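A short worksheet on the structure shown next.
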Amino acid sequence: MSSWTTLKSTSWTYPTAVLSLYGFFANCRPAEPFLIPYLIGPHKNISGEVVTNYLFPIWTYSYLACLFPVFLLSDFLRHKPLIVVQGLFLVTNYVLLCFATALPAMVFLQVIYAVVTSTEVAYFSYIYTLIPVENYQRATGYLRSAMLAGYTFGASLGQLLVSLAGLDYFYINVITLGTVSMAFLISFWLPMPQRSLFFKGKQAAAVGLQSQQEGPLGADGPEEPEVDKDEAGSGREKMEHNGSAGWCSRENVASAAHLLWQSFRESYSSRTLIYWSLWWALATAGYVQVFNYIQLMWNHIEPSATSSIYNGGVEAACSLVGAAAAFSVGHIKVSWDVWGELALGLFSAVGSGAVFLMALTSSIWACYAGYVIFKSCYMLLITITTFQIASNLSMECYALNFGINTFVALSLQTIVTVIVVDEAALGLDVVTQFIIYGSYYAIISVLFLIRGTYTACRKQRNPESTVEVISSERF
């Protein structure tokens, strides 16, 4: 019995190590910072206007269509199959980039990549169905570090191959095909979880709801989810093992729907949680637009056909600076429940200025600097936001909150794409687009500066009554 307990307490290291290894290779893509020069160059010979106003909007629309069904399917199939699918589609993506030339193939590629991005929810949710609650924080740190290391290494390698070795973009894509193929093979080593977050049967759902109700519900409270939830999780695993034959029964689906609804109510149970989630959705929509079209902006300022480009170096620098900013959150002694919303407004204003700089400058180095500042601000703020939300919700609620916030962000991004980018509507050039994105972030900053100033003044004026104020905000 003792040896079994010891094995259970240490078994979390294997899935964490394998998933971290997968995350490293899946994000180690030397060709990604040079996608636009590759598409508009002699290999694909697609015009910048077609890429901007036709191809990229297809990815946005496909991503929106896939996201919520994939979120439910991921939990229903217990995550691992979706991670394998993500690896397979990443391989397919780079096979098409390497060997397909026709425009319809590039359209299909956008749909394939939409599936890849939508299955990220499986990557982030998988580990929490397999390891004890007390190891959540460490495992999450390892997974994000592995992703960051892979992305930084890939971008740096791509830049070195372009600048020092003078390697053709085609061969860089072939190298990337090799790294994502390694990720696909590693995905088969992942153990299959024995339980889901939502599809876990009527009795298990009742246990899950009870543990949720006993956990912290406050949006600003300092407590974290209690470790006792792990014991409830062990009970869920036992019940699911005994009743696995009916895991896809009508009763299980109905109980999953009930648990989803209860988790939704808890996830947005206070105004404070709603405000944090609102920033997440609004800012992520703008960030993804900037991220998607920044290579087109760089190419507009300094065409890749006639100039040396440093896209990989800039992306690597962004990852390192952004990681340092995000890491600093855990070491800065700040009452985020008091000053957090004001920080969202202030750094959103800095991000807005950086986007305007990218739009209006004629210097590629100024544009690079603006992008580093913008991405670092976003990574800092999204770290604060996810910490504030996750520390006050059970894992089921956090997973649902993550999915809904991402879905809202993608819906907003789709609206912006339809109106601003799509050739069927305005089809604006990339400079005008970035002016709009800068204005969008300026609106976000004003909203949260007002809200943050109000929150900080209220809590500074009545620090003893913070708990009572939060309780009165609950719906």
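A few notes on this one:
- Screening the candidates W298, W280 for the property of being part of a helix (DSSP H, G or I), out of contact with any Gly (no Cβ under 8 Å at 6 or more places or on another chain) and closer than 27 Å to T386 by Cβ yields one hit, W280.
- Residue list for the range 22-43, restricted to those being outside any helix (DSSP H, G or I), in contact with a helix residue (DSSP H, G or I) (Cβ under 9 Å, 6 or more places away or on another chain) and surrounded by fewer than 22 Cβ atoms within 10 Å (Cβ to Cβ): G41, H43
- Some residue of the range 444-456 being part of a helix (DSSP H, G or I), farther than 21 Å from Y378 by Cα and not aliphatic (A, V, I, L, M): yes
- Conditions (1) within 30 Å of Y123 (Cα to Cα); (2) open to solvent by 20 Å² or more (accessible area, probe 1.4 Å): number failed by L426: (1)
- The range 157-180, residues that are touching a Ser or Thr at 6+ places or on another chain (Cβ under 9 Å), of a type in the set (G, A, S) and either surrounded by 21 or more Cβ atoms within 10 Å (Cβ to Cβ) or farther than 19 Å from G41 by Cα (or both): G158
- Residues in the range 136-156 that are touching a Phe, Trp or Tyr at 6+ places or on another chain (Cβ under 7 Å) and open to solvent by less than 10 Å² (accessible area, probe 1.4 Å): A139, G150.
- Checked across the range 47-55, the condition of being under 18 Å from the mean Cα position of the chain (by Cα) and closer than 24 Å to T179 by Cβ holds for no residue.
- Test: residue in the range 55-74 that is of a type outside the set (V, I, T), free of Cβ contacts under 8 Å to residues at least 60 places away in the same chain and not in a helix (DSSP H, G or I): no
- Neighbours by Cβ (under 7 Å, 6+ apart or cross-chain): first from the range 248-275, more than 13 Å from N401 (Cβ to Cβ); second modelled with pLDDT under 70 and open to solvent by 40 Å² or more (accessible area, probe 1.4 Å): E251/K202; S255/K202
- Condition met for Y440 (without any contact (Cβ under 8 Å) to a residue 40 or more places away in the chain and open to solvent by 30 Å² or more (accessible area, probe 1.4 Å)): no
Okay, residues lined up against (1) crowded, with 20+ Cβ neighbours inside 10 Å; (2) part of a helix (DSSP H, G or I); (3) at pLDDT 80 or above:
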| residue | (1), (2), (3) |
| --- | --- |
| N53 | yes, yes, yes |
| L82 | yes, yes, yes |
| T92 | no, yes, yes |
| C98 | no, yes, yes |
| V111 | no, yes, yes |
| E134 | no, yes, no |
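- Residue that is modelled with the highest pLDDT [pool: residues in the range 304-322 that are part of a loop (DSSP other than H, G, I, E, B) and open to solvent by 30 Å² or more (accessible area, probe 1.4 Å)]: Y310
- Of the residues L342, L357, the single one that is at pLDDT below 90, crowded, with 19+ Cβ neighbours inside 10 Å and either under 15 Å from the mean Cα position of the chain (by Cα) or outside any loop (DSSP other than H, G, I, E, B) (or both) is L342.
The values are calculated or read from the model by the stated rules, or taken from the named source; none is laboratory data. A quick note: this is a predicted structure, and the numbers were derived from the prediction, not measured. Cβ: placed from backbone, ideal geometry, glycine included. Neighbour counts: every protein chain shown. The accessibility values were calculated without ligands, DNA or RNA, using every heavy atom of the protein model including side chains. Shrake-Rupley method; radii C 1.70, N 1.55, O 1.52, S 1.80 Å.
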